[in-house]
1. Would you be able to say whether some residue in the stretch B:69-87 is within 24 Å of B:G225 (Cβ to Cβ), in a strand (DSSP E or B) and within 13 Å of chain A (Cβ to nearest Cβ)?
2. Please go through the stretch B:124-157 and pick out each residue that is surrounded by 24 or more Cβ atoms within 10 Å (Cβ to Cβ) and within 12 Å of chain A (Cβ to nearest Cβ).
3. If only one of B:L56, B:L9, B:L49, B:L23 is surrounded by 21 or more Cβ atoms within 10 Å (Cβ to Cβ), among the aliphatic types (A, V, I, L, M) and in a loop (DSSP other than H, G, I, E, B), which one is it?
4. Mind telling me which of the residues B:T178, B:T183 ends up being closer than 21 Å to B:M203 by Cβ and surrounded by 18 or more Cβ atoms within 10 Å (Cβ to Cβ)?
5. Just checking, does the stretch A:134-145 include any residue being over 25 Å from A:V65 (Cβ atoms) and touching a residue at least 24 places away in the same chain (Cβ under 8 Å)?
6. Please go through (1) closer than 24 Å to B:S144 by Cα; (2) of a type in the set (A, V, I, L, M); (3) modelled with pLDDT of 90 or more for B:V215 and return the number of the only condition it doesn't satisfy.
7. Here are some conditions: (1) exposed (fewer than 14 other Cβ atoms within 10 Å of the Cβ); (2) within 26 Å of B:L79 (Cβ to Cβ); (3) of a type in the set (S, T, N, Q). A:Q135 meets all but one. Which one does it not meet?
8. Among the listed residues A:V24, A:V33, A:V8, A:V43, identify the single one that is in a helix (DSSP H, G or I), surrounded by 16 or more Cβ atoms within 10 Å (Cβ to Cβ) and modelled with pLDDT under 90.
Amino acid sequence: MASLGIDVLFKGTNFLRLLQGLWVSIEISLISVVLSILLGLLVGVLMTVNNKVLHAILKVYLETVRIMPQMVLLFIVYFGTTRVFGWDMSAETSAIFVFTFWGTAEMGDLVRGSIKSIPAIQFESAWALGMDKVQTYFYIILPQTVRRLIPLSINLITRMIKTTSLVMMIGIVEVLKVAQQIIEANRKTSPNAAFGVFLVVFLLYFIVCWPISRLATYLEKRWA
Amino acid sequence: MHEIEIKNLSKSFVDKDTKVDALRDINITVDKGDIFGIIGMSGAGKSTLIRCINYLEKPTSGQVIVEGKELGQLNEKELREQRQDIAMIFQHFNLLQQKNVIDNIIFPLVLQGVKKKEAREKAFELLSKVGLEDKAKSYPSQLSGGQQQRVAIARALAADPKILLCDEATSALDPQTTASILTLLKEINKEYGITIVLITHQMSVVKAICNKVAVLEEGQLIESGRLEDVNLPEDKFFWLNKENELKNKEFEKAGIKEVRNYVG
């Protein structure tokens, strides 16, 4: 069997570089995910508010995110704003901005759906037991919302982590870019490196995403 | 003084441009210790009416007077306090799934500032009253429908209410379980002197425990009074059959052949 080309990773500091690249991916996705969850909760609650203007604004926002490919958003924010507005945003800041912009919209919509799916009778029973509005939201509605939110938001979170691979298009050297660099640099000596190195990248993504997915399963079971 | 007095109550819902009159000019009085049954087809406005008694639903016009207080005059805090005197149980029990039986019962008490130890003592006393003292640590999902309704009854009684509202409390249960829940309600009524208002579409429920009854049809009260004075249809399935008849008429209009709901 031909060499899988994994050996290049053990040359020099290659593997360390790959891990550093992974850290860049994780850092960008972690910050974006945390911001998206917090802002998404807020946006989701706002989406359930009965206000036409607010409704219209949020609708346009959500549709924009749905329609625009993430890469186009990255290009607009990183390349576009520099020329037009003269903003000097670093690539990392742009990436975090775009991913949070995206995540907040989708998270918000998930939160909205989860709140709407709580039957009105849940509010009514709480009020009938003499609870006030704050107690009802805090003790009855939100815990049920969070439970419904877990499986939905895990999909979004892992999708966000995977999509950070796009940020190399605006010059950020993350795990996939490092992998490419390593493969290019060793094209002569190990022509098979593409297979082995990308396989390792796959495993690295797996190692990052799998615990999150396990955690979701655990929480779902515990709270069932 | 009547325990509950409903005066000229009307309720309409406005949905976009159409206005639906759910209740029209309802007058009902319920006295202390009554078991008052409200019976009618689905869509007759029973649920809306019982929800007006604890102001989950605000009437469009008219008054609801409970223990001499007009609910429409109360502010939100006073209304909440009044609601502790008006307990309610529901068709689908609405227990908190992630809390066990005992915690479900003490939860509202603790929120009202009752000490946990006191609340637990009270809860255990009520659990033995509803015959579930061995299920204190169980979760709702481990209980049958009848047992869950018993827990809901215990929870409703925890705040020492004067009135218990039952919103189709036995509609999701089989006939035997229904009978046992009704027996329990009657005991509670006797022992604690709690006034009970229940809505149902099952004539058997009314005949089994109510001393007064009101018949609701299309949002209007067509009869009310003591059970023996009110003309109730002989047919056990009167309302169910009537519902089917109406449904079939609608189906005919829509060009669908008869669809039968098999009964009993």
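The values are calculated or read from the model by the stated rules, or taken from the named source; none is laboratory data. Here the structure is a predicted model, which is why all the values come from computation and not from measurement. Glycine also receives a Cβ, built like all others from the backbone with ideal geometry; neighbour counts cover every protein chain displayed.
1. yes
2. Answer for the stretch B:124-157, where residues must be surrounded by 24 or more Cβ atoms within 10 Å (Cβ to Cβ) and within 12 Å of chain A (Cβ to nearest Cβ): B:A152, B:R155, B:A156.
3. Values: B:L9 fails: in a loop (DSSP other than H, G, I, E, B); B:L49 fails: in a loop (DSSP other than H, G, I, E, B); B:L23 fails: in a loop (DSSP other than H, G, I, E, B).
Matching residue, one of B:L56, B:L9, B:L49, B:L23: B:L56.
4. Numbers: B:T183 fails: surrounded by 18 or more Cβ atoms within 10 Å (Cβ to Cβ).
Going through B:T178, B:T183 in turn, just one is closer than 21 Å to B:M203 by Cβ and surrounded by 18 or more Cβ atoms within 10 Å (Cβ to Cβ): B:T178.
5. If we filter the stretch A:134-145 for residues that are over 25 Å from A:V65 (Cβ atoms), which is where we start, we get A:134-141, A:143-144.
Subsequent filtering for residues that are touching a residue at least 24 places away in the same chain (Cβ under 8 Å) retains A:141, A:144.
Within the stretch A:134-145, one or more residues are over 25 Å from A:V65 (Cβ atoms) and touching a residue at least 24 places away in the same chain (Cβ under 8 Å).
6. (1)
7. (1)
8. Numbers: A:V24 fails: modelled with pLDDT under 90; A:V33 fails: modelled with pLDDT under 90; A:V43 fails: modelled with pLDDT under 90.
Matching residue, one of A:V24, A:V33, A:V8, A:V43: A:V8.
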